[in-house]
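Before any comments, here is the structure.
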């Protein structure tokens, strides 16, 4: 049925919605050409209305195998066009999955015009509905973190994972490297661990419930933070973060690392602008923003982008090797 | 690096087209941007890269180790870039590197190393490397003889794919379904390979085919520029496939698996520059195989550059100079570096263009060997939009549905699919095409465009500064009208009769418009060309050349006018519609263009000027044609009206043949009459390109055809200045040209064609850019197309100070033909154009220039061997000199009985060889035997022993034996062999 996406500055985009549900959220665009199932299930997108710049969506359907969490996380998905799938694994259609979970799929939108708008004006809130209504304040990390601590793996060393909305692929990569994982709710203080992992997740890092937890424990153990986790480490150690104009969401930015340039998977609206005691190790080649850091003497590292990919390039899976190396030292 | 040499790709042939003009031109620009002096070597005059402005030194010389070495010795550059000139440039560079010439001269091979090229190109080394890095490749074996091939197939089962090593466009390859086919294909492939080696592979028929374009710099930064998916599953050469970008049916998991593999391979090879990796992926299992790697820029990289806006050749050139990807700016955003991966927010469709309508009795099947001459590309926000625009770009009439077309890959299959009315399941069962595409094809329809959007490499994430646009039905328009603009219409897909020569003129038009202080707007849909490089014009619209799309652009831009005379028939066809819509066609009016094509009106014009033409008549029926022929006398040349590239033209010698022709020709064009002209046998032909401003005329040098009248001007070799015409004849030709240009209302370019038979006759005049404009420009230094553009924009020749120029050197143009690639085609030349491109030989004497043109067109003269002579009665005297010379040089002569007797009487010894119909061993067996250096074969005017002659010609082509294209060529060859000449090289 016909619907509108109304931005907070009253700009309207018309399209068709699969549901009559009204939703509001921060409107963000992702420029990846493949990987909508991974993005839609990425808890970092919680509360957001996701726009795909890739105009042909749905081509390979949906498979649980690709999902990064147990549900669709976005408030709504805005696309140019959705298709019937033709893929050996994607046995369910995207349309069906979204409908089952009550998430509106908006099609027929000039997504390039919408993206240009967001690029020029900066990320804005928007409403799928007749008129703009601001999204309610939500504790996004609380919505996506695990309700109860759980354990995975049977390795010699245990990593405490502070789950702010961790992507499944991150857990898989850590397990693959022989580590045991104790996954904690974001507001719970971990106990009995050899290393700390602070996960990705949604929202403003300054709202994260685990900053003080990290401040209390990071000095003692090897620590890795990814995305929100990277920002939390910066905040916990006296640094600062800021909101990017329209964020980095896609799979094509070059990042300069100590080992040369890598192409990265990105999904963040905030970035680190100071982190005392840390060396800047990774720089975004597009805007020179902080993409990674390393403590000058402690075994603590953070990366802003997503070395676990899913979706996106696998150039940086070595980050997990580096972390495993620190843990096993 | 102070000075760098770049090698081009030579003439346009199937498998190596205008894409290398695009990459070479970008490379030269990039090198000069870095302050490096450039030396260019290319034998193809119809290219932008050979323009004197493009390079510090331009050598139009054959691309052979001998001539390239001469240029290198003369110029002593510090480095050489081998990867811009297709397989031709690569092979020559490899030979020079391996024979030690480059080391000897202290020249460094820049970019990708010889070792890396070898690993990628040599089947065996590549296979070893893939095994080493655990990348899956098809089961395969390299063989050098047919028996081993048969053994491999016994072990792995049919079908088996045969791929020869070191050839372009898959020459000599194929799919063998049984032992008989395998024996034939393998034998052919072994011959076609430079190292007599073919690879046999397990068949991956039905698997999806994918291509990844990769860039790597010396610091190991590696990026994927573009991913592409072939709609046609494996079994069809990627150059023959309908291709979309980005990949559409792969999940991120699949896509990353192929990306990882591509990165791993390019790193293992150590490529420094651009590279293309092809994959097969089994849609049912997700398994993939690495098919091949091109360690250089390619047709695919040109497509990828146009598809993404990422200029691969330009970046590769900078990498060759040692730059790192993160140090090279992305020229589209100018703020971000080239160390990123372009992301598309639109869909690209590429469809090849095949030349099959030019050939009778040929096989329209497409497979692992390239047969297409060009391609179109279209951009749309959705697959449906993109595909619909690509179809429009092909300039084809709607195809009637025929179920047979769905049963095997052929040039019409995509059209048949598109309106078959069958279910997706049925179509999938018939074609193996992924259902995603079949579902989408069923929904393709043309929707009017509402807006223009930018190709920006980044899906709008960053602001773009480049003016590269496409139209779409989406809402938001991103284009601002330029103002003070002039639109140049391009020529669409490369095809026989309309090739890179027209693109050359279009590029010159765009440059001249800028020189005049106006803004240039280019419209074209050919991804291979320089004209669709976004830095050639002030604005590029990558759009189909249809009236609808062109008028959309005109309505939006409100240009001062449109230039239609440079894009061949494609753009001329739009002239009237543009005028009818109220826009101005600049230069020669559409009325004047039409009048020149209208035989009646043209005759009236010639009569007014008292200029003679051969007798002719117009016929609407077979009876009428017979009456005309009776009146003017046989032989006659017959053709439907309104043609380009000589389609359906023929010389006819008898009533019987004429009746047969009329049946076919009338089918070709029922609404237009057929012209019947007196054919002046034994007459010479000449042509002229000129620029007229309505008051004055500037004439390019007169070109004399080497062949006699009767061969299409595009297929004739020609020489400039004229060699056998009298001064008076040349003066008459110039005089007629001037008069016709002025009388016809030409403002801009005109091409006039003549036959000379004691008297000078005019055969036709076309007030537009011709195929020979670049040849004349390169020969004389007179930039006709730019001059014409300025005149079209209103300048007078006097005002421009334009002067006619004489060529300092003798220049010979020689066409090249696709007979080897188009199996079953007849290499006999006639009024129907068949050549795909041309080379230029340039030297201080006619014979030296002629020799260079032969060598540049790929003719090899074995120092020993035999020659076969089989010519008809009237041609026999013409070969005596040639035969005697060959004899003296130690060649063994074979001749058919009649020719043998004639030569004997002239005191030239030869052995008799039987005609094909007279049993074995015969001429064809001899040619297949492999020791033959020359074949001279002519048809008598009455088509006797046609099948015999056809078999001889095919055998010569298939065995890469020099087949003289005409008796005149044989005469010049005889003279050439008689006189010593120098083989010096000189820059333009």
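The numbers here are math on the coordinates, done by the rules we state, and not lab data. Values in this document were obtained by computation on a predicted structure and should not be read as measured data. In this analysis, Cβ positions are derived from the backbone assuming ideal geometry, glycine residues included, and neighbour counts consider all displayed protein chains.
Quick rundown of the values:
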{"item": "Residues residue B:404 and residue B:76, FRET efficiency given R0 of 41 Å [Cβ-Cβ distance, rounded to 0.05]", "result": "0.10"}
{"item": "Shielding score for A:74-83, defined as the mean number of other chain Cβ atoms within 10 Å", "result": "2"}
{"item": "Highest average packing first - B:29-37, A:319-327, Cβ atoms within 10 Å", "result": "A:319-327, B:29-37"}
{"item": "Cβ-based exposure ranking for A:226, B:454, in which fewest neighbours within 10 Å come first", "result": "B:454, A:226"}
{"item": "Gained length - residue A:207 relative to residue A:100, 0.36 nm times residue gap less alpha-carbon distance", "result": "35.4 nm"}
{"item": "Shielding by other protein chains, B:374-387, mean Cβ within 10 Å", "result": "2"}
{"item": "Relative contact order, percent, chain A [alpha-carbon distance under 8 Å, six or more residues apart]", "result": "16 percent"}
{"item": "For the protein assembly as shown: rounded, prolate or oblate by the Cα gyration tensor [a/c cutoff 1.5]", "result": "prolate"}
{"item": "Calculated FRET value between residue B:53 and residue B:195, using beta carbons and R₀ = 30 Å, to 0.05", "result": "0.20"}
{"item": "Euclidean distance of C-alpha centroids, region B:791-825 and region B:695-734, integer Å", "result": "12 Å"}
{"item": "Chain B shape via C-alpha gyration tensor axes, a/c threshold 1.5", "result": "rounded"}
{"item": "Distance between region A:177-208 and region B:461-475 - C-alpha centres, whole angstrom", "result": "43 Å"}
{"item": "Inter-centroid distance (Cα atoms) of region B:406-440 relative to region B:1-76, Å", "result": "43 Å"}
{"item": "Förster radius 41 Å - calculated FRET efficiency between residue B:983 and residue B:34 (Cβ-Cβ, nearest 0.05)", "result": "0.80"}
{"item": "Region A:214-319, relative contact order in percent, only Cα pairs under 8 angstrom and at least six apart counted", "result": "30 percent"}
{"item": "Pair residue B:125, residue B:357: separation of 7 Å Cα→Cβ label points (nm)", "result": "4.5 nm"}
{"item": "Relative contact order (%) - chain B, alpha-carbon pairs under 8 angstrom, separation at least six", "result": "10 percent"}
{"item": "Gained length - residue B:758 relative to residue B:727, 0.36 nm times residue gap less alpha-carbon distance", "result": "9.9 nm"}
{"item": "Gaussian network model of chain A, Cα within-10 Å springs - most flexible of A:37, A:104, A:135", "result": "A:135"}
{"item": "Average other protein chain Cβ within 10 Å of Cβ, residues A:248-260", "result": "4"}
{"item": "DSSP beta bridge pairing in region B:1-123, given as percent antiparallel to the nearest 5", "result": "5 percent"}
{"item": "Computed label-point distance, nm, for sites residue A:133 and residue B:627 using a 7 Å Cα→Cβ extension", "result": "8.6 nm"}
{"item": "Whether region B:239-303 is rounded, prolate or oblate, judged on the alpha carbon gyration tensor where a/c under 1.5 counts as rounded", "result": "oblate"}
{"item": "In range of the label at residue B:863: residues from region B:884-901 whose backbone nitrogen is under 15 Å from the point 7 Å along Cα→Cβ", "result": "B:889-891"}
